[in-house]
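Here is the structure we will look at.
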Amino acid sequence: MKSHREVLTFTIPARRAFINITGRVEEALAQSGIREGLCLVNAMHITASVFINDDEPGLHQDYEQWLEKLAPHEPVSAYRHNRTGEDNGDAHLKRQVMGREVVVAVTGGKLDFGPWEQIFYGEFDGRRAKRVLIKIIGE
Amino acid sequence: MKSHREVLTFTIPARRAFINITGRVEEALAQSGIREGLCLVNAMHITASVFINDDEPGLHQDYEQWLEKLAPHEPVSAYRHNRTGEDNGDAHLKRQVMGREVVVAVTGGKLDFGPWEQIFYGEFDGRRAKRVLIKIIGE
Amino acid sequence: MKSHREVLTFTIPARRAFINITGRVEEALAQSGIREGLCLVNAMHITASVFINDDEPGLHQDYEQWLEKLAPHEPVSAYRHNRTGEDNGDAHLKRQVMGREVVVAVTGGKLDFGPWEQIFYGEFDGRRAKRVLIKIIGE
């Protein structure tokens, strides 16, 4: 069994954004030399997500609006977590809806994807350096 | 390390449905000959889910109603994604709540499940052929 | 390839609670002797979650309140599932928001975590013995 580890770092200038990281994961997979296995991609921070969906800007605006409705940023005093001095209580909730990680099959040295599957980093509390872990195991 | 790949195809006549696919995953596992490892099952389309819960029809109606409340299909004009000519904006949101994939432990050649765990395909934009990927790695 | 399996049992005296199980997963990993691989941790019951987030009591109260708003326990008659004689319809919904499982990279014999990542068992229908499965594969 082979394994390969890589870390991506993102400093998003806004509080929230969705970034397509599919190309970066494909590069890590090519580096690994693994042909058959599983590829884990996860946010290493707890106010961010890694998820798979469509690379369509209208959909990303829909996600943004919907997550704000499910877990609004304001008023920050609505979250007990924010009594610790943080203002990111909402980001911890949004991240649970969108998920921490994806596991992708590796087949014939490629990410084994359907036609529209793309991997995104979802930032809900940006403006500082945050990391994504890629771990691939297989042969 | 061994690996095994299988694809299931579903053409659901309705827009939405939940289909128990546990038996199909068990068949793939038996085919693989893998005794110890991990089994990934994921929707290959971005308006569908694979998830684990109870095979109880009342619960599935509860999920249907709840998801419609969290992300209603109508009015379709409420989703920017639908300006692309689609009417499935809601399906992309529902899929995030229910999840893209499950990873199941394989122990002694069986899916290592609790008493009520069953694997479901969740369709949120049916009426066309869509695929589920099974990838098993182990020994 | 090596594999290691362990089961944790929890009997939570209340209906709902969040329990930090990171130390228990670290012990299982140490027992396994695995240095590079993947670690799956999942609830074996369908009204409970395993998820990764922050060990901060205010945040856990925020989760509790938010989940009650998204899928209230009362009135129990609002859930068709409860016509089977259960009163845990809400718990099946809450578990979908928080997730069934996490997959964690194993690197150098350790859980490969960001600074705040901790693994939690989320109970939504307690007061009886329920299980969490740990399955680690690698080398």
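The values are calculated or read from the model by the stated rules, or taken from the named source; none is laboratory data. What you are looking at is a predicted structure, and each value in this text was computed from that prediction instead of being measured. A quick note on method: Cβ atoms are made from the backbone with ideal geometry, for glycine too, and the neighbour counts reach across all protein chains shown. We work out accessible area using only protein heavy atoms, side chains counted, and drop any ligands, DNA or RNA first. Shrake-Rupley method; radii C 1.70, N 1.55, O 1.52, S 1.80 Å.
Segment B:17-69 holds strands (runs of 3 or more DSSP E) entirely within its bounds, and those carrying 2 or more residues that are within 13 Å of chain A (Cβ to nearest Cβ) and at pLDDT 95 or above map to B:37-43, B:48-53.
Inclusion of B:GLY85 among residues that are surrounded by 17 or more Cβ atoms within 10 Å (Cβ to Cβ) and either away from chain C (no Cβ under 12 Å) or without any contact (Cβ under 8 Å) to a residue 60 or more places away in the chain (or both) is not warranted.
When you check C:ILE12 against the structure, is it surrounded by 15 or more Cβ atoms within 10 Å (Cβ to Cβ) and under 30 Å from B:ASP55 (Cβ atoms), yes or no? Yes, satisfied.
Where strands (runs of 3 or more DSSP E) sit wholly within segment B:76-139, those with at least 2 residues that are over 12 Å from the mean Cα position of the chain (by Cα) and within 19 Å of C:ILE134 (Cβ to Cβ) occupy B:101-107, B:129-138. Only a single item in (1) touching a residue at least 60 places away in the same chain (Cβ under 8 Å); (2) within 10 Å of chain C (Cβ to nearest Cβ); (3) open to solvent by less than 20 Å² (accessible area, probe 1.4 Å) is not met by B:GLN118, and it is number (3).
Scanning segment B:54-75 turns up no residue that is crowded, with 21+ Cβ neighbours inside 10 Å, touching a Leu at 6+ places or on another chain (Cβ under 8 Å) and more than 30 Å from C:THR84 (Cα to Cα). Residue-level check: of (1) surrounded by fewer than 16 Cβ atoms within 10 Å (Cβ to Cβ); (2) on the phi > 0 side of the Ramachandran plot, C:LYS110 misses just (2).
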